[in-house]
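A short reminder: the numbers here are calculations on the coordinates, not readings from a lab. Since we're looking at a predicted model, the values are computed, not measured. A quick note on method: Cβ atoms are made from the backbone with ideal geometry, for glycine too, and the neighbour counts reach across all protein chains shown.
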Amino acid sequence: EVWLKKQAQAQGWAKAQKLQGRNTSQGLLGLSIQGEKAAITELNCETDFVARNEKFQSILDNLAKTCLTLSPPANTEEQVTKANISSAEISQLKIGDGSTLADLVALNIGQIGENMAIGEATLVQAVSGLNLSGFAHPATETGFSNLLCGRYAAVMVYAHVEKGPTPLPEDLDIEKIPSQICQHIIGMNPTCVKNPDDKENSLLNQTFLMDESLTVEELCSAAGIKIVDFIRREIGRSN
């Protein structure tokens with residue numbers, strides 16, 4: 001069995017080297033949240049068909065789980081620490097059987113027969129007491145319980161605060177508000193939480209995507225949410 005695995009790995013690397021120059025413009029982002037930490041990972045491939053493959057999504061799950069074991073540089077002055085991890089660094093991270101993530105990708109290139117490449121990852125760490133919510137679009141069904149997949153992904157860090165005097169509209173579910181704000185972040189692409197000099201790109205000043213009678217700030221007041229920070233990623237673009 002060990003010999004067979006080594007043989008498959010060697011064949012995988014041979015295939016990976018042969019396909020190395022082929023374009024990998026398709027793929028998915030994988031988003032996983034664990035407590036006050038989140039990881040957004042990227043895996044690229046040649047075709048959308050392979051991106052929907054269970055083996056491909058299994059690699060994404062491994063990428064996200066492995067990146068969640070890392071700790072971003074400690075910054076005691078910030079409530080949220082964000083770190084980008086290069087594809088070269090991720091490739092050398094070890095998984096359960098002692099092989100690297102690069103080995104895992106090469107093995108699957110050998111089995112699937114299409115070029116794949118690990119992209120940059122983003123790690124988000126919030127201080128204790130803050131909450132994280134995430135969303136991926138278009139949502140891709142996976143068999144992995146703690147993995148969201150899509151071509152776009154967003155993570156929001158927020159705190160629960162006292163609700164404002166204006167009630168939440170009846171058609172909005174308070175439990176879904178954090179993930180809906182993440183969906184808004186993907187759709188409207190704000191660049192900051194709030195900037196008086198750039199209201200158009202300020203998340204809190206934008207009209208809420210799911211209810212245009214409210215701004216995101218008015219929504220947060222009604223729901224008792226204070227947005228601390230957010231991050232938005234899309235496939236094929238470095239953060």
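Descriptive notes on the structure:
- Prolate/oblate/rounded call for the stretch 25-172, Cα gyration tensor, a/c under 1.5 rounded: oblate
- Tensor-based shape of the stretch 141-239 (alpha-carbon gyration tensor, a/c under 1.5 rounded, otherwise prolate or oblate): oblate
- Peptide ranges 178-187, 111-120 listed from the most packed, as the mean C-beta count within 10 angstrom indicates: 178-187, 111-120
- Taking Cα atoms only, the orientation of helix 177-188 departs from the longest principal axis of the chain by about 70 degrees.
- Inter-part distance where the stretch 136-193 and the stretch 73-133 are each reduced to a Cα centre, Å: 22
- Within a Gaussian network of the chain (alpha carbon springs, distance under 10 Å), most fluctuating of Thr69, Thr207, Thr140: Thr69
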